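Have a look at the structure below, then the notes.
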Amino acid sequence: MGETIKDFKRTHLCGEISKKNKGEEIIIMGWVQKRRDHGGVIFADIRDRSGIVQVVFNPDIGEDSFAKADQLRSEYVVAIKGEVELRPEGNINPDIYTGEIEIKSNELRILDKAKTPPIQVEDDIDAGEDIRLKYRYLDLRRPKMTKIMGLRHKITKATRDYLDENGFWEIETPILTKSTPEGARDYLVPSRVNPGQFFALPQSPQIFKQLLMVSGMERYFQIARCFRDEDLRANRQPEFTQIDMEMSFVNREDVFEITNGLMEKIFAEAEIEVPSEIKKMPYQEAMDRFGTDKPDLRFAMELKDLSSIVEASDFNIFSGTVKSGGQVKGINFKGGADSSRSEIDSFEEHVKLFKAKGLAWIALRDDELKSPIAKFLSEEEIDNILSEMEAEEGDLLLIVADKAPIVAAALANLRLKIAKDYDLIPEEVYEFVWIIDFPLFEYDEEEDCYQAKHHPFAAPIEADIDKLEEDPASVRADAYDLVLNGEELGGGSIRINNRPLQEKVFSVLSLSEEEQQEKFGFLLEAFDYGTPPHGGIAFGMDRLMMITARTDSIRDVIAFPKTQRATSPLTNAPSNVAEKQLKELGLSLLS
RNA sequence: GGAGGUGUAGCGUAGCGGUUUAACGCGCCGGCCUGUCAAGCCGGAGAUCGCGGGUUCAAAUCCCGUCUCCUCCGCCA
């Protein structure tokens, strides 16, 4: 049993004490980071969430507290009373904020003892993620992690403050809601009161925020938890947080303006500057130049289209691909000509991950042209390729011929791999870009039908509305994504705000009238009662956090994340439930 | 669903068929030490080498299976 606080009241936070407090008698409370016992004098570093301060125990200052300090061990919880003093000459520690002072302790209370922790509470330790997650409460004590949680709070608060100042109301929407078969797999919750029926956890508050616009709330936001039962990735968790917002009586530019300001506030918390007007790039341009709708603009290595140069070539792999409607494109790995055969093989392996059949290459080395495909190409074709790709001595050209989506995916990902592997990405550079004019629909070859690229409520761009019926593929949506350094921060659109247009879009999506009624009848009905023009956007809070915290793992920015198998090593969720619980719900297990 | 990687004292790693009684660093325990802050010095405890099976005179080491965690593909309107 530890001692109680009794009459002690914490007066200072460890990390905030400085020489300004010299001579003050203070009380701190926190955890023992480290004890250094020198026999006649004992030092202890005391940590709270604000930082670390050194305490000195010495029989000359306090006999009792010196004797007690002998018992101190790592992670004991203590309250310490003492006087702030400047450290003796030559004993200043410049590595910590409180390094100029120390606390001479005349009273020590051990509030709780601690077992030796399974992972050390230090920034530099490199414990495996499984053990970190099992003992997450210890992992979170590490200053690095504590700091990220603090940053997350500040960013959440900055968001609330900014949106409040701009007339947004924070409104909660249901967690238990209706399953819709579109999009991701739903997490289902059985209804006890209605046996055999299920709620779904929201994949996003999309429909509710639109209903709030119909309700006249005009400006809504929510720091909303969303759930998608899909496989995890380094930047994907099954439950995640969105900064979700929606505005009435606005166009796209209004959304951009509000968002720009929000991003400035958020990134200011991490000392990252956001341009006062974020540039825009049409979707098609992003696909042409970078092969992806979330281009990383921190480095060049753009995709160049060689299709017209090689369409009549004797090299069948190229010309044949073009003739059958495909593309031949390449990227120029500047200075990559001295890549080894095995490096080039690894590039080829990489593009094959994205279904490319192969990777052609041309190296300009020692004033010579090295390439397994050169002998199939005419001199003119080669010259044209070199000039189109702005090739110089020392460059390595990497070329893929395939269907357009495969070429795009293969080269976009190869471009990223090379940039990462060869350190071509500058540190602390932040390239924001709006991707605009997305196609409204995407053709799904497997299902032989159109799917909404964004979601079925995105409005078509006005000029394209006429083409909805005869040429859906060419219709652009008034949708937009905000992209930073190759990461999609968020996306949104101006929504459809009238029933006939919404029904027309549903019909392009091959939703029968019955299906429309069954799935979205309540929304269509709502639209009948006077719906303002509206639009909005949602940001992935966890991805914003990854960037501002400068980490590669989403698990680092969530207090209690899930493993790749969507489990929690801390709580052992998910788990079996009692037969009685299943019975109440009218459920039985298949196996 | 698929591909790859990983697992050895509390933690991080080394060892990759036999002189290994499994090594090293951190941590832990005891002792000494009045100015350390990666304290130091001396001593000590702690590991059925993820689990199961196989090959072999001999397995942490090779093979097969299985599980964990991680990265990626599919999936994520």
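State which residue is nearest to RNA strand B (Cβ to nearest atom) when the search covers only the range A:105-133 and only residues that are crowded, with 18+ Cβ neighbours inside 10 Å and more than 35 Å from the chain's Cα centre (by Cα).
Across the range A:105-133, the extreme among qualifying residues is A:Ser105.
Read through the list (1) among the basic types (Lys, Arg); (2) within 28 Å of A:Glu379 (Cβ to Cβ); (3) loosely packed, with under 14 Cβ neighbours inside 10 Å, then give the number of the only condition that A:Lys304 fails.
(3)
Residues to consider are A:Thr173, A:Thr180; find the one that is in contact with a strand residue (DSSP E or B) (Cβ under 8 Å, 6 or more places away or on another chain), of a type in the set (Ser, Thr, Tyr) and touching a residue at least 60 places away in the same chain (Cβ under 8 Å). Spell out the reasoning first.
Working: A:Thr173 fails: touching a residue at least 60 places away in the same chain (Cβ under 8 Å).
Being in contact with a strand residue (DSSP E or B) (Cβ under 8 Å, 6 or more places away or on another chain), of a type in the set (Ser, Thr, Tyr) and touching a residue at least 60 places away in the same chain (Cβ under 8 Å) holds for just one of A:Thr173, A:Thr180, which is A:Thr180.
Results for (1) surrounded by 14 or more Cβ atoms within 10 Å (Cβ to Cβ); (2) modelled with pLDDT of 95 or more; (3) closer than 21 Å to A:Gly291 by Cβ, shown as yes or no for each residue.
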site: A:Leu416; (1), (2), (3): yes, yes, yes
site: A:Glu427; (1), (2), (3): no, no, no
site: A:Phe432; (1), (2), (3): yes, yes, yes
site: A:Asp444; (1), (2), (3): no, no, yes
site: A:Asp448; (1), (2), (3): no, no, no
site: A:Glu462; (1), (2), (3): no, no, no
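Could you run through the range A:206-219 and say how many residues are part of a strand (DSSP E or B) and within 16 Å of RNA strand B (Cβ to nearest atom)? Working first, answer last.
Let us first name the residues in the range A:206-219 that are part of a strand (DSSP E or B), namely A:219.
Filter once more, so that each one left must be within 16 Å of RNA strand B (Cβ to nearest atom): none.
Residues meeting the conditions: 0.
Working only within the range A:441-459, note down all residues that are more than 10 Å from RNA strand B (Cβ to nearest atom) and under 19 Å from A:Gly536 (Cβ atoms).
A:Ala459
For the range A:76-88, enumerate the residues that are within 9 Å of RNA strand B (Cβ to nearest atom) and over 13 Å from A:Val53 (Cα atoms).
Matches in the range A:76-88: A:Pro88 only.
Going through the range A:362-377 one residue at a time, which ones are in contact with a helix residue (DSSP H, G or I) (Cβ under 9 Å, 6 or more places away or on another chain) and either closer than 18 Å to A:Asp345 by Cα or not aromatic (Phe, Trp, Tyr) (or both)?
Of the range A:362-377, the ones in contact with a helix residue (DSSP H, G or I) (Cβ under 9 Å, 6 or more places away or on another chain) are A:362-364, A:369, A:371, A:373-374, A:376-377.
If the condition is that a residue be in contact with a helix residue (DSSP H, G or I) (Cβ under 9 Å, 6 or more places away or on another chain) and either closer than 18 Å to A:Asp345 by Cα or not aromatic (Phe, Trp, Tyr) (or both), then A:Ile362, A:Ala363, A:Leu364, A:Leu369, A:Ser371, A:Ile373, A:Ala374, A:Leu377 are the ones that fit.
If I go through the range A:527-557 residue by residue, how many of them are of a type in the set (A, V, I, L, M), assigned to a helix (DSSP H, G or I) and within 16 Å of RNA strand B (Cβ to nearest atom)? Outline the logic, then answer.
Pass one, the range A:527-557, residues of a type in the set (A, V, I, L, M): A:537-538, A:541, A:544-547, A:549, A:554, A:557.
Then drop every residue that is not assigned to a helix (DSSP H, G or I), which leaves A:541, A:544-547, A:554, A:557.
From the residues that got through so far, the ones that are within 16 Å of RNA strand B (Cβ to nearest atom) too are A:541, A:545-547, A:554, A:557.
Qualifying residue count, the range A:527-557: 6.
Could you pull out the residue among A:Gly320, A:Gly326, A:Gly336, A:Gly330 that is without any contact (Cβ under 8 Å) to a residue 12 or more places away in the chain and either closer than 14 Å to A:Leu377 by Cβ or more than 16 Å from RNA strand B (Cβ to nearest atom) (or both)? Even if it seems obvious, please write down each step before you answer.
Values: A:Gly326 fails: without any contact (Cβ under 8 Å) to a residue 12 or more places away in the chain; A:Gly336 fails: without any contact (Cβ under 8 Å) to a residue 12 or more places away in the chain; A:Gly330 fails: without any contact (Cβ under 8 Å) to a residue 12 or more places away in the chain.
Of A:Gly320, A:Gly326, A:Gly336, A:Gly330, the one residue that is without any contact (Cβ under 8 Å) to a residue 12 or more places away in the chain and either closer than 14 Å to A:Leu377 by Cβ or more than 16 Å from RNA strand B (Cβ to nearest atom) (or both) is A:Gly320.
Which ones in the range A:106-133 are touching a Lys or Arg at 6+ places or on another chain (Cβ under 7 Å) and closer than 18 Å to A:Gly51 by Cβ?
A:Val121, A:Glu122, A:Asp123
If a residue must be more than 12 Å from RNA strand B (Cβ to nearest atom) and of a type outside the set (Ser, Thr, Tyr), how many such residues does the range A:558-591 contain?
Of the residues in that region, 16 qualify.
Are there any pairs, at least 6 apart or on different chains, whose C-beta atoms fall under 6 Å, with the first in the range A:40-56 and modelled with pLDDT of 95 or more and the second assigned to a loop (DSSP other than H, G, I, E, B) and crowded, with 19+ Cβ neighbours inside 10 Å, and if so, which?
A:Ala44/A:Leu72; A:Val53/A:Ile17; A:Val53/A:Thr98
Please verify whether the range A:513-523 includes one or more residues that are touching a residue at least 12 places away in the same chain (Cβ under 8 Å) and in contact with a Lys or Arg (Cβ under 8 Å, 6 or more places away or on another chain).
Within the range A:513-523 (the criterion being touching a residue at least 12 places away in the same chain (Cβ under 8 Å) and in contact with a Lys or Arg (Cβ under 8 Å, 6 or more places away or on another chain)), the answer is no, since none of the residues qualifies.
Given A:Ala401, A:Ala412, which one is under 28 Å from the mean Cα position of the chain (by Cα) and at pLDDT 95 or above? Don't jump to the end; show me each part of the working.
On the way: A:Ala401 fails: under 28 Å from the mean Cα position of the chain (by Cα).
Of A:Ala401, A:Ala412, the one residue that is under 28 Å from the mean Cα position of the chain (by Cα) and at pLDDT 95 or above is A:Ala412.
So A:Arg298 passes all but one of these: (1) touching a Pro at 6+ places or on another chain (Cβ under 9 Å); (2) part of a loop (DSSP other than H, G, I, E, B); (3) crowded, with 20+ Cβ neighbours inside 10 Å. Which condition number does it fail?
Unmet condition: (3).
Please verify whether A:Lys9 is surrounded by fewer than 18 Cβ atoms within 10 Å (Cβ to Cβ), away from RNA strand B (no atom under 16 Å from the Cβ), of a type outside the set (Ser, Thr, Tyr) and outside any loop (DSSP other than H, G, I, E, B), treating the condition exactly as stated. Even if it seems obvious, please write down each step before you answer.
On the way: surrounded by fewer than 18 Cβ atoms within 10 Å (Cβ to Cβ): yes; away from RNA strand B (no atom under 16 Å from the Cβ): yes; of a type outside the set (Ser, Thr, Tyr): yes; outside any loop (DSSP other than H, G, I, E, B): no.
The answer is no for A:Lys9.
Which ones in the range A:508-526 are among the aliphatic types (A, V, I, L, M) and in a helix (DSSP H, G or I)? If you could, list the steps in order and put the result at the bottom.
Within the range A:508-526, the first condition is being among the aliphatic types (A, V, I, L, M), and the residues that meet it are A:508-509, A:511, A:523-524, A:526.
Once the filter is applied, which keeps residues that are among the aliphatic types (A, V, I, L, M) and in a helix (DSSP H, G or I), the range A:508-526 yields A:Val508, A:Leu523, A:Leu524, A:Ala526.
Results for (1) in contact (Cβ under 8 Å) with a residue 60 or more places away in the chain; (2) closer than 30 Å to A:Asp478 by Cα; (3) of a type in the set (Ser, Thr, Tyr), shown as yes or no for each residue.
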| residue | (1), (2), (3) |
| --- | --- |
| A:Leu353 | yes, no, no |
| A:Glu368 | no, no, no |
| A:Lys375 | no, no, no |
| A:Lys420 | no, no, no |
| A:Phe432 | yes, yes, no |
| A:Glu445 | no, yes, no |
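Looking at the range A:181-205, which of the residues that are within 19 Å of A:Gln237 (Cα to Cα) and over 24 Å from the mean Cα position of the chain (by Cα) is farthest from RNA strand B (Cβ to nearest atom)?
Step by step, filter the range A:181-205, then rank; the result is A:Val189.
The values are calculated or read from the model by the stated rules, or taken from the named source; none is laboratory data. Bear in mind that the values here come from a model prediction, so they are computed numbers and not experimental data. Positions of Cβ are backbone-derived with ideal geometry, glycine not excepted, and every protein chain shown enters the neighbour counts.
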